[in-house]
Amino acid sequence: MAFSDFQQKLTDALREFASAELGAELAQIAAEVPPKTELGDLAFPVAFELAKELKQKTGEKQNPRAIAERIAPVLESFEFVDRVSIAGPGYINVYYDRAAFVASRSERPSLAEHGSAGDKICVEHTSVNPNKAAHIGHVRNSVLGDTFVRILRAAGHDVEVQNYIDNTGVQVADVVVGFIHLEGMDLEAIKSLDAKLAGEGRSFDYFCWDLYTRVGQEYQQNEALKENRAETLHMIEAGDNPTAELADYVATRNVECILDTMERLSIRYDLLPRESEILHLHFWEKAFGLMKERETIRLETEGKAAGCWVMPFESHEGSDEHETDKILVRSNGTVTYTGKDIAYQMWKLGLLGLDFHYRHFSTYANGQDVWITSAKVTANDLSVPEFGHAEKVYNVIDTRQSYPQEVVKKGVALIFPERGEDASVHLNYEMVALSPTAAEELGFELSEEDRSKSFVEMSGRKGLGVKADDLIDRLEKDAFAEVEKRHPDITDEEKNGIAHQIAVGALRYFLLKFTKNTVVIFDFKEALSFEGETGVYCQYTAVRANSIFRKLDENAVAEAYETISGSRSAVSELFAGEDGDGIWSLIALAARLDEAISQSVNAAEPATLARYAFNLSKAFNLFYHHHRIIDESDAVKRSVLVAAADHAKTALTSALATLGIQVPERM
């Protein structure tokens, strides 16, 4: 069993004791991990809560320590508990049976063994406008979303991953304007260009990146060109015309390129829902009808929003700051992004009463299929998985969209109060910028003023941005140089493989170690450092741990656990000695992986697991520095050291995998 299982059994026993022996009902029982292992493995302040509750019931003052002393034998009755001590006025400190736990060689169960931890969860992330290549800001979204998916699955949840494709939006329209009016291309010409770019080793999404920037610049000085935007957008939304067909090709090709970019980071999706189907399959009309029927929206007759359909809330009333976010239908009859998002959210939660059609989009190397929505029946319905119908939906969208996301959450809850606001969660995050050094390394020309700033902000419309593939390429190049320096004798293929793993680990960890509400200032040197809080440091620690077991006899680990099982008293004496707390602290930290995952789920904060991996890496390196594991002459101590390293290696490798970080063969 893991420590999380121990805690659950103890809290259940406390709740039962409080009810049966004291007549007190405890809804929540607080548990704390003491700051030092010598103070115990788990501390309960429950005696104070019980004393307070009993005083309210009886009117008599209660002694928390006396209550704690009654509780102690209950907790000591569990075989995994070595002893219980009462500290101060009534804190209950529980010490686990260290020898028994180490002997158990506890390993985390697989998802199949874990069982489902609840109903289906949907996570929507990435959702890059399919008008150009993905940039570093999109990578933070995707890494956060993908890691949170991995964390949910590690906790036993059934998770569906969606990547929303806004293929009828203004950004796609701008690139279409560029192709038609600046490049003078029709669909066939674009297909020929695409083939030509592929033959030259150039990417279609990179071409669109530059074209999108040109269009933005032309709009500033060419009003006639800008007038084409509205008509182009109208044609794309309407569908079934040459402009819409051209736009569909451009958007689809960009989606393919973006998925290839994300695959480099091991980021994958189950479904690509498209905005075009939300329009053409009348999702919005159905949602709009439900809103009017349940009187959750109103038609404004005066003021700035006259003629608009608005979803009013008591909060923010009287403030103009977010009024436009509450408008679902403009006075000209067009639907806002927020309106379409509400319809989409209703579908994700299985509340709309309509469904998409689907077609197969692609298959990943591991055999996982990706589906995309369609307005027409294109596949046998029996071959398509059931999408949507989630119990809870997490939308990974940057913090600038916080209020529109609040409107979506509140809007769905108003229409379907039985589901409430808890069904919709905005997993928000701050932007990514570059350090001036990183910007110059990527070829940006900076002014003296920019160099003096703490970071350089980016703008896709101005073309000031870092393409995700360029960022990964640069990281791989730098990592390759380091691998070549350390391992000149291995093949280039091996060097490239290790460099890729290091680059991905460095990037993912750098974007994950900061809490979501922190602005990330990316720096190559910091991300690729072998020291400090980096993915490379964690990978290097895991490589170091693996190297120990490569040097051991193949039966050494099994023999170590046999020795521990047959020498319980000697193992207990070792843990009671001067090295005991230090060795146990590593084992105990390794055993808290499930707790770190649970905390990450509850707070919707992947940084919690990233910090756990770093702390475990630090603890292992300290342990490695203090103990000569392979050369230890005492058989029992050597066995315990091997077991401690095994527990740590298993937990660290699992934590890194959940963060989407692989452990290289060597570094």
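Read the figures in this text as sums done on the coordinates, not as results from a lab. Here the structure is a predicted model, which means the values were calculated and not measured. Glycine also receives a Cβ, built like all others from the backbone with ideal geometry; neighbour counts cover every protein chain displayed.
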Q.
In Å and on Cα atoms, what radius of gyration and Dmax does the chain show?
A. 28.9, 88
Q: Determine the gain in length on full extension of the stretch residue 451-residue 61; use 0.36 nm per residue of separation and subtract their C-alpha separation, reporting nm with one decimal.
A: 133.8 nm
Q: Determine ³J(HN,Hα), in whole Hz, for all residues of the stretch 368-374 in sequence, where each value follows from phi through the Karplus function 6.51 cos²θ - 1.76 cosθ + 1.60 and θ = phi - 60°; x replaces Gly and Pro.
A: 6, 8, 10, 10, 10, 6, 9
Q | Amide H partners (placed H, <5 Å) of residue 392, local residues excluded | A | 122
(Q) Per DSSP helix of 4 or more residues, -39500 (n - 2.57); summed, then divided by the residues of the chain. What does that give at 222 nm, rounded to the nearest 500? (A) -17000 deg cm²/dmol
Q. Assuming R0 = 45 Å, what is the FRET efficiency of residue 231 and residue 525, from their Cβ-Cβ distance, to the nearest 0.05?
A. 0.40
Q) Using only the Cα atoms of the stretch 516-583, what do you get for the radius of gyration and for Dmax, in Å? A) 19.2, 53
Q: For residue 470 and residue 666, compute 0.36 nm times the residue count separating them, minus their Cα-Cα distance, and round to one decimal in nm.
A: 68.0 nm
Q. Once both axes come from the Cα atoms, what is the angle between helix 468-486 and the longest principal axis of the chain, in degrees from 0 to 90, rounded to 10?
A. 40 degrees
(Q) Given contacts defined as C-alpha pairs under 8 Å and at least six residues apart, what's the relative contact order of the chain, whole-number percent? (A) 14 percent
Q | Nearest-ten-degree value, helix 580-590 long axis tilted from longest Cα axis of the chain | A | 30 degrees
Q: Quick one: P(r) of the stretch 3-96 from all Cα-Cα pairs, 10 Å bins, percents rounded to integers, in order of increasing distance.
A: 17, 54, 25, 4
Q) Taking a temperature of 37 °C and a viscosity of 0.692 mPa s, what whole-number D in µm²/s does Stokes-Einstein yield for the stretch 352-430 with Rh from Kirkwood over alpha carbon pairs? A) 218 µm²/s
(Q) Please compute the alpha carbon radius of gyration of the stretch 273-429, then divide it by the globular-protein estimate 2.2 N^0.38 Å. Two decimals is fine. (A) 1.12
Q: Output the pairs from 292/409; 132/525; 348/410; 132/467 with a Cα-Cα distance over 19 Å in this structure; if there are none, say none.
A: 132/525
Q. Based on the Cβ-Cβ distance from residue 197 to residue 331, what FRET efficiency comes out when R0 is 56 Å, to the nearest 0.05?
A. 0.85
Q) When DSSP beta bridges are limited to those with both residues in the chain, what percentage is antiparallel, rounded to the nearest 5? A) 55 percent
(Q) Could you give each residue of the stretch 556-571 its phi-based ³J(HN,Hα) in whole Hz, using Karplus coefficients 6.51, -1.76, 1.60 with θ = phi - 60°, and x for Gly or Pro? (A) 5, 5, 4, 5, 5, 5, 5, 4, 5, 4, x, 9, 4, 5, 5, 5
Q. Residue by residue, what Karplus-based ³J(HN,Hα) values in Hz, rounded to whole numbers, does the stretch 535-547 have, using 6.51, -1.76 and 1.60 with θ = phi - 60° and x for Gly and Pro?
A. x, 4, 4, 5, 4, 4, 5, 5, 4, 4, 5, 4, 5
Q: Could you work out the Rg to Rh ratio of the stretch 115-269, with Rh taken as the Kirkwood radius (inverse of the mean 1/r over all Cα pairs)?
A: 1.06
Q. When all alpha-carbon pairs of the stretch 434-527 are counted, what percent fall beyond 15 Å?
A. 65 percent
Q: Taking the Cβ of each residue in 378, 515 as the centre, tally the other Cβ atoms inside 10 Å and list the residues starting with the fewest.
A: 378, 515
Q: Work out, step by step, the length gained on full extension between residue 304 and residue 206: first 0.36 nm times the residue separation, then minus their alpha carbon distance; give nm to one decimal.
A: 31.2 nm
Q) Helix 635-658 sits at what angle to the longest principal axis of the chain, using alpha carbons and giving 0 to 90 degrees rounded to 10? A) 20 degrees
Q: Apply the Kirkwood formula to the stretch 45-193: the hydrodynamic radius equals the inverse of the mean of 1/r over all pairs of different alpha-carbon atoms; give it in Å with one decimal.
A: 22.0 Å
